[in-house]
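What follows draws every value from the coordinates through simple rules; no lab data is involved. Given the structure is predicted, the values throughout are model-derived calculations rather than measurements. For neighbour counting, all protein chains shown are included, and Cβ atoms are generated from backbone atoms with ideal geometry for every residue, glycine included.
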Amino acid sequence: GQFCTHMLQEHKEKEENARRRKQVAFTLPAAMKALGHGIPIINIHSTHDATIVTVREDAAVCFWSPELKPQKTKHIFNEGPANRKSKWASDFTLMAEYNKLMIGTDREIQLYELSTLEPYCQISALDTVPLTLNYLWNKLTKAENIPSIAIDNAVVSPNVTFVRWKVHNDWVTQAKYFQSFQAVVSSSNDESSSLVIKTKKVQLSWTPQVRASCDQTVFSIYKGVKAFDLCAKRSLLVTGGMDRLIRMWNKPTGVLKGHSAPIIYLCISSEDSQIFSVSIDSTVKIWDLQDQCCLFTADPKASGIHGDISACSYSSAMKSLFIAADCMAVLSLKIPQFCSRLTVSHNEPVMCCGYSEEFRQVVSCTEGSVVKVWDFDSGCQVFEFGGTPDLSAVTCMAFDLRGRLITGGRDGCLKIWNFNNGQCLKTLKRGECHEVCDCIFLKVHRNYVMSVGRDRKIDIYTDIPEDLHHVQRPKPSWQDDLKNGHNEDILCVAQCPPTLLATGSYDGEIIVWNVVSGRIQCRFVPDTSVQSIIFLKNLQLQQFSSATALLSSGTTCINIWNMLSGGKFSRFQQKITKLAKTDKDTLLYAADQIGYIYVYNMNKFAPEQKLPRETFWRAHTSRVSLQIVDNDQVVLTSSTDYTVRLWSTRGEFITFGQSESWSIHISSSWMHPAVPYEVLIHPLSMPDHEIWNVNTHLSDAVNPDKTEADSGELKSETHSNLSLAPTSVRDVDIEED
């Protein structure tokens with residue numbers, strides 16, 4: 001008994017040490033929003049721009065902000081004849097690359113435009129209710145005003161491979177397709193086939209058949225599996241279920257004990273080396289992958305989450321766990337405070353920053369509408385204003401020719417400031433309050449301020465110095481903008497003097513305008529949401545395009561467009577959220593959503609080859625805004641991780657906002673070779689530990705055919721996986737492009 005007590009005490013001390021070292025915790029209680037109805041939410045997903053999407057059983061689709069502010073709600077099932085039974089949604093998923101929302105219902109798969117929620121098409125006459133598909137189809141006939149095709153007609157298409165096989169002897173509790181493993185994983189309550197990993201695509205007959213043992217790996221687990229997750233980077237599978245244990249399938253001792261109720265949700269956060277788990281009694285736990293111990297527990301009394309949980313979703317980008325129960329709730333991870341080692345520039349997320357050449361000052365703006373002014377040469381804070389309740393979050397900024405600051409807000413307004421004394425000189429706004437996503441100052445035959453955003457139009461304001469009116473309305477919209485402009489939220493805008501302007505939207509469309517005539521010059525559709533656009537006049541590009549080239553970045557790639565022919569001549573698989581360039585267009589800087597900055601030499605560019613990368617470094621731990629200060633050969637960055645930073649063009653750390661002053665021209669005064677502390681210790685900044693690179697039974701199971709030559713990045717293909725509704729419980733269907 002004494003030995004057991006000693007072991008228990010040692011175990012508790014180990015957990016406490018891990019907690020103190022890792023400082024992992026949710027902000028409690030959870031932020032919650034009452035749902036106002038008793039209808040369960042069937043699933044939760046997030047888009048690349050941090051919008052949360054939920055669907056209820058009655059097919060009411062709701063869009064939320066990350067803070068759970070409702071943005072839009074629509075019931076998408078149209079009621080049929082009075083004698084027809086109402087449809088109920090069983091599950092849904094997002095096809096972000098195609099701007100589609102897919103819902104499983106009454107033996108049908110229905111697809112809707114994600115941005116408008118208008119019907120797109122449906123597959124009918126199913127035996128089971130599917131979860132996800134990726135790409136289909138040929139000509140469709142219409143049924144009830146929605147293009148429709150029966151499943152037996154869809155599967156005979158030459159572009160579709162339909163595979164169906166018998167897997168489980170009980171209801172399927174979860175099914176996922178993992179692109180990195182090219183494997184379908186499904187689980188059930190059946191102990192003999194609790195979890196099955198299926199890797200080979202074998203054409204079978206319409207009647208479900210039992211697979212050969214070499215085509216699948218079967219795990220038998222006590223009381224079955226209700227939830228699982230698979231991590232390619234770690235070669236790790238975790239399972240949980242009725243026995244209240246979390247099993248880790250790449251380690252001999254991988255059992256995590258602590259839940260006192262059945263586990264209904266699991267998620268591996270590879271970048272943070274953590275597992276998130278939720279049990280049926282609304283207890284949420286965070287586990288450490290390496291130490292295999294519980295770092296934090298949020299019980300329902302502390303979190304305030306009560307009722308039957310119907311859906312959970314963890315967003316690694318937002319560091320938040322979303323839970324649907326009696327209320328819609330979000331548990332957000334606390335930002336760790338590393339004592340004196342962590343230097344923050346603001347006390348909240350920094351949305352954008354810029355450099356004023358006229359005053360040699362840096363301006364940074366936050367989500368809480370705070371504006372700080374910094375001395376560029378020493379990094380010292382000069383002035384601060386804003387942050388009052390009447391001001392909205394700042395989403396973008398620019399400077400005009402007179403050195404004034406222009407900010408765009410979430411409330412749909414542009415404001416022009418004298419940022420040396422905090423005086424708001426003028427407010428520019430439409431009647432509606434649609435968020436401004438980007439703004440620029442441009443000079444054509446006179447000066448203009450231009451903004452784009454969620455009103456889906458280009459708003460143009462004439463800059464009239466002598467105008468004494470405090471509020472100014474935009475000029476009438478271009479006719480081409482009204483009739484042929486964007487159909488979705490416009491996320492970015494860029495100018496190419498003297499007359500070209502480009503805008504990019506959420507649905508992936510880029511339109512190039514002539515700002516003098518207001519006419520559309522050409523348009524491109526890269527099939528992915530456009531996060532950033534930039535014009536380049538590099539000579540190396542001109543020999544291929546014979547004109548200025550346009551670069552766009554989105555959720556999956558960078559595209560380079562030929563402005564003369566309207567065609568695309570390069571595509572690079574890189575998830576970039578922001579682009580910037582040096583004055584002579586020789587270097588291209590790109591930042592991604594987890595804080596890395598990449599530098600490309602456009603003088604060495606060649607079509608259909610990888611962009612010639614010069615260097616890269618990690619500047620922040622989340623999404624980055626950046627600007628090149630050419631005269632001083634430095635890079636200015638800010639991030640939602642609360643910081644503003646300065647770097648040499650080679651990635652040497654200069655910093656911003658620290659207590660010691662420095663000189664931009666004296667490199668010995670910089671922080672380099674130091675690295676920002678939270679960047680240094682962040683899991684995504686470190687090379688893989690050797691423990692994760694050992695070939696395990698799991699890695700063999702999920703990819704038995706993978707050879708040493710294939711060990712690099714797997715080719716991206718279009719696949720889909722289908723989950724089963726309780727009405728058909730023993731088959732798994734796969735459809736592939």
Enumerate the calculated ³J(HN,Hα) couplings along segment 444-458 in order (Karplus 6.51 cos²θ - 1.76 cosθ + 1.60, θ = phi - 60°), each rounded to whole Hz, writing x wherever the residue is Gly or Pro.
10, 8, 8, 8, 9, 10, 10, 9, 9, x, 7, 7, 6, 10, 8
List the residues, sorted by chain then number, that are 5 or more residues from MET95 or on another chain and whose placed amide H is less than 5 Å from its amide H.
LYS100, LEU101, MET102
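So what is the relative contact order of segment 320-410, in percent, for Cα pairs below 8 Å that sit 6 or more residues apart? Walk me through the intermediate numbers first.
Details: 143 pairs, mean separation 16.4, N = 91.
Relative contact order, segment 320-410: 18 percent.
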Name the residues whose placed amide hydrogens come within less than 5 Å of the amide hydrogen of CYS437, ignoring near sequence neighbours (fewer than 5 apart) on the same chain.
VAL452, GLY453, ARG454
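Are there any GluC sites (Glu not before Pro) in segment 387-494 that are in a DSSP loop and have at most 13 other Cβ atoms within 10 Å? List them by number. Spell out each step's value before the answer.
On the way: sites: GLU432, GLU435, GLU466, GLU488; in loops: GLU432, GLU435, GLU466, GLU488.
Passing sites in segment 387-494 are GLU432, GLU466.
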According to the square roots a ≥ b ≥ c of the eigenvalues of the Cα gyration tensor, what is the shape class of segment 336-444, taking rounded for a/c under 1.5, prolate for a/b larger than b/c otherwise, and oblate for the remainder?
oblate
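Take the Cβ-Cβ distance between ASN418 and SER477 as r, set R0 to 35 Å, and report the resulting FRET efficiency rounded to the nearest 0.05.
0.75
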Enter the Cα centre distance for the pair segment 618-672 and segment 428-471, rounded to the nearest angstrom.
31
Point-to-point label distance, VAL156-LEU564, nm (Cα→Cβ direction, 7 Å offset)
4.9
Give me a comma-separated list of calculated 3J(HN,Hα) values for segment 531-537, in order, Karplus coefficients 6.51, -1.76, 1.60 applied at θ = phi - 60°, integers in Hz, x for any Gly or Pro.
8, 7, 9, 7, 8, 10, 10
Once amide hydrogens are built 1.01 Å from N within the peptide plane, the residues lying 5 or more places from CYS121 or on another chain with amide H under 5 Å from its amide H are LEU111
Over 26 Å between C-alpha atoms is what I'm after, so list which of LYS198/LYS257; LYS69/LYS176; LYS69/LYS233; LYS176/LYS233; LYS100/LYS578; LYS72/LYS483 land there.
LYS198/LYS257; LYS69/LYS176; LYS69/LYS233
Rounded, prolate or oblate (a/c below 1.5 giving rounded, otherwise prolate when a/b exceeds b/c) for segment 359-510 by Cα gyration tensor
prolate
Label-to-label distance, nm, for residues given as ASN487 and ASN631 (7 Å Cα→Cβ offset)
4.7
Report ³J(HN,Hα) in whole Hz for each residue of segment 278-286, in order, from the Karplus equation J = 6.51 cos²θ - 1.76 cosθ + 1.60 where θ = phi - 60°; Gly and Pro get x.
10, 10, 5, 8, 6, 8, 10, 10, 10
